[in-house]
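Chemist: Please find one structure pasted underneath; my questions will follow.
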Amino acid sequence: MSEPLLVIDGIDKNFGGVQAVKGLSFSIKPAEVIGLIGPNGSGKSTSVNLISGTLPVSAGSIQFAGRSVNALNISERVPLGLTRTFQTTALFAECTVLEQVLTAGHTSFVTAPWAAVLRTKAAREEEARQRAKAHELLQFVGLADVADQLTSAISSAQQRLLMIASALASDPKLVLLDEPAAGMVAKERKELSRLIMGIRDRGIAVLVIEHHMGLIMEVCERIVVLNFGQKIAEGTPAEIRANPAVIDAYLGGAH
Ligand SMILES: Nc1ncnc2c1ncn2[C@@H]1O[C@H](COP(=O)(O)OP(=O)(O)O)[C@@H](O)[C@H]1O
Ligand SMILES: [Mg+2]
């Protein structure tokens, strides 16, 4: 039994009078793919914001890789191996696809900034290593052919894959994906499923929010279901499919 990588325990998020997340607890093991589903407004994106450190929790605790990360913001969590994708509007329009991944990977640069200025041998070697890694990531997500195009010139499905490559550039242990298949056609979703399983095969855990049940059922080992900010079910895809509370939330909810 491996130790959990992420343990969230009784987290709450209040926005004024709105309780977006209430007493949410679950854990994720290394290299596990877990789905977070629920009707619109059930608190999925807020949960990703809390886990990634985009927003602070109102109550409860988040442990990652054996330490509390409650007091850390998103840029302090990324170097620990906890990262998320952002909306594609976070892409740099004037950058090429390759440059975007290089920029995203810069947090793991090991040489000092002055070394890059002096163009020392170590800095050149580090730069070559980063470029090779960025190329490998683009190959991995299926964007090698568009490496030299501007991020604004590729399709929206490709931009979503680029956000995943950028997230992987920080060498995460856990990646949080909020609706990665939005706007994708069936064939692209199929490729995304394969990619998510490929990320897991690299030993990286994935938390995926998605409303395409086909994708969730295919890639997730376990699924957590939210309704009105609370966990109403947790289990394997087969258990979730047969759970009356889940069926009720979807049929009775605003989805
Ligand atoms: N920044 C915010 N300020 C106020 N209310 C918010 C904010 N973000 C989310 N909410 C509210 O929290 C609830 C959960 O939203 P969200 O996490 O986006 O749900 P989901 O991603 O499941 O659709 C909703 O009622 C939403 O209106
Ligand atoms: Mg959302």
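The values are calculated or read from the model by the stated rules, or taken from the named source; none is laboratory data. The structure displayed is predicted, hence computed values, not measured ones. Note: ideal-geometry Cβ built from the backbone for every residue, glycine included; neighbour counts use all protein chains shown. We work out accessible area using only protein heavy atoms, side chains counted, and drop any ligands, DNA or RNA first. Shrake-Rupley method; radii C 1.70, N 1.55, O 1.52, S 1.80 Å.
Chemist: Looking only at residues that are among the charged types (D, E, K, R) and within 16 Å of ligand 1 (Cβ to nearest atom) in segment 167-184, which one is surrounded by the fewest Cβ atoms within 10 Å (Cβ to Cβ)?
Modeler: GLU179
Chemist: Restricting attention to segment 185-203, which residues are surrounded by 20 or more Cβ atoms within 10 Å (Cβ to Cβ) and either assigned to a loop (DSSP other than H, G, I, E, B) or β-branched (Val, Ile, Thr) (or both)?
Modeler: Residues satisfying the conditions are ILE196, ILE199.
Chemist: How about segment 47-86: which of its residues are in a helix (DSSP H, G or I) and open to solvent by 40 Å² or more (accessible area, probe 1.4 Å)?
Modeler: ILE74, SER75, GLU76, PRO79, LEU80, listed by residue number.
Chemist: Related question: Please name all residue pairs, on different chains or six or more residues apart, with Cβ atoms under 9 Å, provided the first residue is in segment 14-30 and is without any contact (Cβ under 8 Å) to a residue 12 or more places away in the chain and closer than 15 Å to VAL57 by Cα and the second residue is assigned to a loop (DSSP other than H, G, I, E, B) and within 16 Å of ligand 2 (Cβ to nearest atom).
Modeler: Matching pairs, first to second residue: VAL18/GLY229.
Chemist: In segment 15-38, how many residues are within 9 Å of ligand 1 (Cβ to nearest atom) and surrounded by fewer than 18 Cβ atoms within 10 Å (Cβ to Cβ)?
Modeler: 4
Chemist: Taking segment 134-149, which residues are open to solvent by 40 Å² or more (accessible area, probe 1.4 Å) and in a helix (DSSP H, G or I)?
Modeler: Result: HIS135, GLU136, GLN139, PHE140, ALA144, ASP145.
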